[in-house]
1. Answer yes if at least one residue in region 72-92 is in a loop (DSSP other than H, G, I, E, B) and at pLDDT 90 or above, and no otherwise.
2. Quick one: in region 186-210, which of the residues that are without any contact (Cβ under 8 Å) to a residue 40 or more places away in the chain, farther than 19 Å from Leu176 by Cβ and not polar (S, T, N, Q) is surrounded by the most Cβ atoms within 10 Å (Cβ to Cβ)?
3. What single numbered condition from (1) in contact with a Ser or Thr (Cβ under 6 Å, 6 or more places away or on another chain); (2) closer than 16 Å to Ser255 by Cα; (3) modelled with pLDDT under 95 fails to hold for Asn42?
4. Against the definition (of a type outside the set (Lys, Arg), at negative phi, out of contact with any Phe, Trp or Tyr (no Cβ under 8 Å at 6 or more places or on another chain) and without any contact (Cβ under 8 Å) to a residue 24 or more places away in the chain), how does Val34 come out, yes or no?
5. Which of the residues spanning region 57-99 are free of Cβ contacts under 8 Å to residues at least 40 places away in the same chain, under 17 Å from Ala40 (Cβ atoms) and among the aromatic types (Phe, Trp, Tyr)?
6. Yes or no: region 102-122 includes at least one residue that is among the basic types (Lys, Arg), at pLDDT below 85 and either assigned to a helix (DSSP H, G or I) or more than 30 Å from Thr167 (Cβ to Cβ) (or both).
7. Name the pairs: first residue in region 162-183 and in contact (Cβ under 8 Å) with a residue 40 or more places away in the chain, second residue in a loop (DSSP other than H, G, I, E, B) and among the aromatic types (Phe, Trp, Tyr), Cβ to Cβ under 6 Å, at least 6 apart or on different chains?
8. For region 220-234, how many residues are in contact (Cβ under 8 Å) with a residue 12 or more places away in the chain and surrounded by fewer than 16 Cβ atoms within 10 Å (Cβ to Cβ)?
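The values are calculated or read from the model by the stated rules, or taken from the named source; none is laboratory data. Bear in mind the structure is a predicted one, so any value in this text is a computation, not a measurement. Ideal geometry is used to build each Cβ from the backbone, glycine not excepted, and the neighbour counts take in all protein chains shown.
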Amino acid sequence: MDQAQQLRNIIKNSSKPQRPLARIITVTSGKGGVGKSNVAINLAIQFRKMGKRVIILDADFGLANIEIMFGTVPKHNLCDLIYQGKNIKDIITWGPEGVGFISGGSGISGMYNLSREYLVYIIVNLAELDAIADIIIIDTCAGISSAVTEFLVASGEVILVTTPEPTSITDSYSLLKALNQSPRFSIEDTIVKTVSNRVTSEEEGQQLFNKLNTVVSRYLKIPLTYMGSIPQDQMLVRSVMQQSPVSLQYPNARSVRAFENIAAKLMNPDDEIEIKPRGMAAFFSHIITGRKLSSTNPQIIESIQNP
């Protein structure tokens, strides 16, 4: 059976008339070492405590931050789905509190070299995550690259992690500038939210946001939403050394209360902006659209989501 026929059979045999779409939150930063993966993991833990099903996709190519901090070594990764014919459920590793994570590694960049038909076949498989998770957190590489901006453009919801270090602020601005210059970026389709990490007080966190927001509003016109701050916390540092999320290892820590507040704000935003779940099929399709998939892609995605 050829790949195109496999795709047709998958769509034909789908039994759900309207498959629910997962909410995708992409966590990113302008530079490394600012605690981006810590934010992704601890928000995932807090969402689980709210009763949400959560999966983290570690898209930090070549680095295994999520699995190291979970203290778990995955048996499979995205490459096994792409090249070894594994099922989407086979490549999910279940960590603490039932948070699932998928190691992306070189599998994501390798998708660009696949044939169109096989790409669609892979995307159909990734779309199965919508039935497994309510929220999918994408942990991107740090820094400014086309791979990172493609993820941000494809995501309807971005969390930008920044610290008070001058280099972190300037790199955060540079990342937003690169995003703004992407021909496919739209402020109507992508909401950028910021988290101030490793601050000494809530006031410093607010000042950090104000500083970044002032220059972004003036030169880029990208609206930013402030989600809150995470204090410098020795308990968080200790939990990293113990390879356990601080939300589980030290539930009464100051940083954990901050993660709780940010997660609650994400689930119940103060603004009235409606966040429409995109689902994994549309997410990955959007990433590859400009490189590989043809103009028939929207019809393919519609048939996947509403067979």
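1. So far as region 72-92 goes, yes, one or more of its residues are in a loop (DSSP other than H, G, I, E, B) and at pLDDT 90 or above.
2. Restricting to residues being without any contact (Cβ under 8 Å) to a residue 40 or more places away in the chain, farther than 19 Å from Leu176 by Cβ and not polar (S, T, N, Q), the top hit is Val199.
3. Condition (3) is where Asn42 drops out.
4. Taking the combined requirement at face value, the residue does not satisfy it.
5. The one that is free of Cβ contacts under 8 Å to residues at least 40 places away in the same chain, under 17 Å from Ala40 (Cβ atoms) and among the aromatic types (Phe, Trp, Tyr): Trp94.
6. yes
7. Partner pairs satisfying both residue conditions: Leu179/Phe185.
8. So the count comes out to 2.
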